[in-house]
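Read-outs throughout are calculated quantities, based only on the coordinates presented, and are distinct from any laboratory measurement. As the structure is a prediction and not an experimental result, all values here were calculated from the model. Glycine gets a Cβ as well: all are built from the backbone with ideal geometry, and neighbour counts include every protein chain shown.
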Amino acid sequence: EDKVVQSPLSLVVHEGDTVTLNCSYEVTNFRSLLWYKQEKKAPTFLFMLTSSGIEKKSGRLSSILDKKELSSILNITATQTGDSAIYLCAVEARGKLIFGQGTELSVKP
Amino acid sequence: NAGVMQNPRHLVRRRGQEARLRCSPMKGHSHVYWYRQLPEEGLKFMVYLQKENIIDESGMPKERFSAEFPKEGPSILRIQQVVRGDSAAYFCASSPRQGGWVDTQYFGPGTRLTVL
């Protein structure tokens, strides 16, 4: 059965800290891995990764895919309270997205 | 460019009633996906539709649930004879999906269904 697992499930840090969120997958027909941010509403798209070893970056957020290890990480540097959210990892297989449980990040001032 | 639109945002139904959830994809997007998020659980795929076609309904419960995406108008997720266990947030996503390229799915704000 296709599976996406995220760790940790929850994380509490202070402003300015750097965090690393993990995502591992066992999915047949892998096409891409996506990261979303969810703040009590619609998941907001962050990154889509298709190739191993190529880092995608947007401001303080970055992500990389390792197809050999079947995993991805999402890094957030210099965290801010506005980064508090649930971060979702999803793998696309034949159109549908298979989601992990999410990592709930709380950034304290 | 308006994003994915869903309505209603909140829907309250009594057990046994019908629920109709609507989704209008982003302009230029011809593929629609429905996901359900049960309390304290992750998002789970339900169904993938293209205009007038169901592409993959492997995540749909076998009974009471149906979905359509007509040639004109929004996609509809219909739940007949709702039960308390149907209470959840239902999210719609859309993508352009042109020619087999990998695609990004963009999500709407969701419909929160509460069954009393």
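A compact table of results
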item	result
Within chain B, longest stretch free of exposed trypsin sites (Lys or Arg not before Pro) [DSSP loop, at most 10 other beta carbons within 10 Å]	B:72-116
Entries of A:LYS3/B:LYS27; A:LYS56/B:LYS71; A:LYS40/A:LYS108; A:LYS67/B:LYS44 with Cα pairs more than 25 Å apart	A:LYS3/B:LYS27; A:LYS56/B:LYS71
Prolate/oblate/rounded label for the protein assembly as shown (Cα gyration tensor, a/c 1.5)	prolate
Per-residue average of Cβ from other chains inside 10 Å of A:36-45	5
Candidates per chymotrypsin sites (Phe, Trp or Tyr not before Pro) in region B:19-104, loop by DSSP, up to 15 other Cβ within 10 Å	B:TRP101
Note, ³J(HN,Hα) from phi for region A:58-63, Karplus 6.51, -1.76, 1.60, rounded to Hz, x at Gly and Pro	8, x, 8, 9, 8, 8
DSSP-loop GluC sites (Glu not before Pro) across region B:1-42, with at most 11 other Cβ within 10 angstrom	B:GLU18, B:GLU40
Average silhouette area of chain A, convex hull of alpha-carbon atoms, in square nanometres	6.5
Overall Cα dimensions of chain B, principal axis frame, Å, largest first	43, 29, 27
Neighbour-limited loop hits for GluC sites (Glu not before Pro), region A:1-51 (at most 16 other Cβ within 10 Å; DSSP other than H, G, I, E, B)	A:GLU1, A:GLU15, A:GLU39
Among B:VAL82, B:VAL47, B:VAL12: highest mean-square fluctuation, GNM of chain B, C-alpha pairs under 10 Å	B:VAL12
Partner chain coverage, peptide A:90-97 - average Cβ within 10 angstrom	6
